[in-house]
Amino acid sequence: MSLVQRLFPELQALSKFSDPFDNEFKSLRQFSQLPAIDVKETKEAFVVHADVPGFARDEIDVSLNGQVLAMKGNREKKEERKDETQHIQERIQSSFYRSITLPDTFAPENVKASLKDGILEITVPKNSVTKKITIS
């Protein structure tokens, strides 16, 4: 008997009912979601902040293809240990993909990304080259 069933015996009848559905729809737990983002522009750069709580640095990929800045993350389900009993499992496999199109006034070679406290920060410096166009 699980800890939840011991603490809330009235839920035992419900757990028997939900088990078949739990097995049928287990894949629905492995969901993909869009992280919330903020994009701001300063005099020197475009700065993107994305909420990616629970993701480690090695689970996130940031790429720049042309003007498209893409953020992709994948967190795999952790393996259960044989000497443990799982009572509740809400931290599951999760993935995300988000992309934004940048203006063509940036310097792709100087893009930087950092991750702190579940917030991914991507700084895309603006291109400092300004082309003067003479009107004929």
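The values are calculated or read from the model by the stated rules, or taken from the named source; none is laboratory data. For clarity, every value in this text was computed on a predicted model and none was experimentally measured. A quick note on method: Cβ atoms are made from the backbone with ideal geometry, for glycine too, and the neighbour counts reach across all protein chains shown.
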Item checked: Pair list, Cβ under 8 Å, 6 or more apart: the range 123-136 residue in a loop (DSSP other than H, G, I, E, B), other residue modelled with pLDDT of 70 or more and not acidic (D, E) -> N127/T105; N127/F106; N127/A107; S128/A107
Next item on the list: Being surrounded by 11 or more Cβ atoms within 10 Å (Cβ to Cβ) and among the charged types (D, E, K, R) is the filter here, so list the residues in the range 86-128 that pass it.
Entry: R98, K112, E121, K126
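Can you confirm whether D83 is surrounded by fewer than 11 Cβ atoms within 10 Å (Cβ to Cβ) and not assigned by TED's automatic domain parsing to the domain that holds L115? Give the steps one after another, and end with the answer.
On the way: surrounded by fewer than 11 Cβ atoms within 10 Å (Cβ to Cβ): yes; not assigned by TED's automatic domain parsing to the domain that holds L115: yes.
Yes, satisfied.
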Check: Given the range 1-101, what strands (runs of 3 or more DSSP E) lie entirely inside it while holding 1 or more residues that are farther than 30 Å from K126 by Cβ, at pLDDT below 95 and within 22 Å of the chain's Cα centre (by Cα)?
Finding: 68-75, 94-101
